[in-house]
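Here is the structure we will look at, set down as structure tokens.
Every number here is computed from the coordinates shown, using simple stated rules; none is lab data. Since we're looking at a predicted model, the values are computed, not measured. Positions of Cβ are backbone-derived with ideal geometry, glycine not excepted, and every protein chain shown enters the neighbour counts.
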2 protein chains.
Amino acid sequence: MKKTILIFGSLCAVILLLFQFEQWSLFALGGSENLYVIITGTLFLILGMLISRHFYIKKETRKRQVQKSSLSDQELRVLNLMANGHSNKEIAEQLFIAETTVKSHVSKILLKLDARRRTEAIRIGRDLEII
Amino acid sequence: MKKTILIFGSLCAVILLLFQFEQWSLFALGGSENLYVIITGTLFLILGMLISRHFYIKKETRKRQVQKSSLSDQELRVLNLMANGHSNKEIAEQLFIAETTVKSHVSKILLKLDARRRTEAIRIGRDLEII
DNA sequence: ACTAAAATCCTACTTTCGTAGGATGTCAAA
DNA sequence: TTTGACATCCTACGAAAGTAGGATTTTAGT
């Protein structure tokens with residue numbers, strides 16, 4: 001939120017500066033209106049692109065709401081390995097535990113995240129940004 | 001390719017029209033340079049946003065064409081539904097095809113992406129930015 | 001028109017995943 | 001001390017997922 005306000009404030013400042021520059025250029029450039037128009041237009045063009053870009057980037061990274069999920073540390077580790085495409089067996093090997101234990105963890109993850117499949121759990125985990 | 005040329009041509013036409021409008025407004029608005037500047041700037045602003053937007057969209061669609069070289073349209077649809085956590089049965093229902101067909105598609109996806117599990121295929125798809 | 005790829009469907013089979021329902025041990029808070 | 005969450009492991013079963021090896025029909029490119 002604060003970041004948004006800062007960026008918006010900066011943009012307003014830039015706009016004001018541009019207007020200042022225009023007023024100055026009115027005297028400086030005198031009668032050559034064409035050049036003046038081109039410069040002003042170009043500046044606004046750049047500004048427009050920056051603003052557009054800003055909103056596009058915002059749109060992509062808008063889901064920043066990190067919900068503290070009820071997953072334990074180990075469950076989170078399992079979920080991450082799952083999301084990396086590992087099988088229960090592989091996860092067991094990497095965490096030095098039995099495959100049955102991994103299954104227990106997975107079942108609890110599905111329960112806690114209200115998912116019916118590991119792929120759904122992964123999607124939910126991504127949505128909650130806990131992966 | 002032809003589409004690109006058409007879009008680019010259209011943009012050039014728009015720019016030329018804008019310049020035309022500027023020349024006209026020089027006479028029409030007379031001494032009120034401030035209003036003139038604001039209008040011109042705004043038009044360029046909009047143009048800048050449109051151009052920027054155009055390139056952003058292009059950037060996204062360019063990645064989509066990388067995918068087309070490997071995965072077919074339907075396979076891509078299946079992969080996306082998979083990534084959303086759907087089962088083969090659910091995917092079949094959503095695409096109005098048989099579950100066996102979905103299995104065929106999934107097998108080909110795994111082959112093409114060199115994955116051994118659907119979760120791995122999802123991860124690879126994300127890495128390749130085709131999801 | 002011919003051809004290659006895509007899309008559709010199938011049977012039969014193996015493997016992996018997920019559930020149900022336990023048991024045991026640790027460790028921290030009430 | 002009791003309670004509860006966490007972590008570990010198990011058997012047995014059913015449900016998905018994935019493989020192998022077909023077949024047919026559309027669709028798009030040369």
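Scanning segment B:66-86 for residues that are assigned to a helix (DSSP H, G or I) and touching a His at 6+ places or on another chain (Cβ under 9 Å) yields a total of 5.
Reported count of residues in segment B:87-101, each being within 8 Å of DNA strand C (Cβ to nearest atom) and either over 26 Å from the mean Cα position of the chain (by Cα) or assigned to a helix (DSSP H, G or I) (or both), is 7.
Go through segment A:87-129 and give me each residue that's charged (D, E, K, R) and more than 12 Å from DNA strand D (Cβ to nearest atom). Matches in segment A:87-129: A:90, A:114, A:123, A:126, A:127, A:129. The set of residues in segment A:102-119 that are assigned to a helix (DSSP H, G or I) and either without any contact (Cβ under 8 Å) to a residue 24 or more places away in the chain or within 11 Å of chain B (Cβ to nearest Cβ) (or both) comprises A:103, A:104, A:107, A:110, A:111, A:113, A:118, A:119. What are the pairs, 6+ residues apart or on separate chains, where a residue within segment B:84-97 that is of a type in the set (D, E, K, R) has its Cβ under 7 Å from a residue that is near DNA strand D (Cβ under 8 Å from one of its atoms)? Matching pairs, first to second residue: B:89/B:99.
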